[in-house]
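Nothing in this text is a laboratory measurement; each read-out follows from the coordinates by a stated rule. Bear in mind the structure is a predicted one, so any value in this text is a computation, not a measurement. Cβ: placed from backbone, ideal geometry, glycine included. Neighbour counts: every protein chain shown.
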Amino acid sequence: MKKAHSVVVSVFVKDEPVLPVKKALSSLFPFPITKLLEQKKVTGLEKNEITVLAVKLTKDSHTNAFLRHLTENLSEEDRAMVLRQKQSRLDEELAFYLRLGKSQLLKGKYKIVEGGDCFHIRILLACYPKSRVAGIKLVDEILAKPI
């Protein structure tokens, strides 16, 4: 069953080597992302150079595999916290937002954070009918404890 129209994962690389962040980004996916990885340079507010790494998934097999992998790697506490906060993490377009701590993921640990230096995840939910109620129900299904 299709759970997401798209998933976008992005991260900013400011004053650190790009390669370890690329490796951490790659670890979020249970398949190779070489052809899906976008890398661009932008200028920050303080005129500093920032590298933006982003991966956009649109194939059902990729989005479903990513969501399963993410859910399996989140702690029980983080999954419970996200489920409690699901209303505020879902926007009117039915995009669901998560942030994973960059420092934690660089060490191989998935940790939901509220802000700061992080990996941004935007999941555009695929539910019918397109309603907030259906979106919330799908979030519950995605974050259910893996069997």
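What to note about this one:
- Order of E77, E92 - criterion: other Cβ atoms within 10 Å of each residue's Cβ, fewest first: E92, E77
- Along its first, second and third principal axes, ordered by size, segment 38-109 spans 39, 29, 28 Å in Cα coordinates.
- Reciprocal of mean inverse Cα separation for the chain (Kirkwood radius, Å): 15.8
- For the chain, the mean residue ellipticity at 222 nm estimated from helices alone is -10000 deg cm²/dmol, where every DSSP H run of n ≥ 4 contributes -39500 (n - 2.57) and the total is divided by all residues, rounded to the nearest 500.
- Whole-Hz ³J(HN,Hα) from phi, Karplus 6.51 cos²θ - 1.76 cosθ + 1.60, for segment 78-87, glycine and proline x: 5, 4, 5, 5, 5, 5, 5, 9, 4, 4
- Charge dipole of the chain about the Cα centre (unit charges at C-beta), most positive-ward option of S6, G116, V42: S6
- Relative exposure of M1, M81, judged by other C-beta atoms within 10 Å (fewest first): M1, M81
- Rg ratio for segment 79-134: its Cα radius of gyration over 2.2 N^0.38 Å, N being its residue count, equals 1.26.
- Taking the DSSP beta bridges with both ends in the chain, the antiparallel portion is around 100 percent.
- Sequence of V21, V8 once ranked by neighbouring C-beta atoms within 10 Å, starting from the fewest: V8, V21
- Once you reduce segment 46-71 and segment 78-141 to the center of their Cα atoms, the two points are 13 Å from each other.
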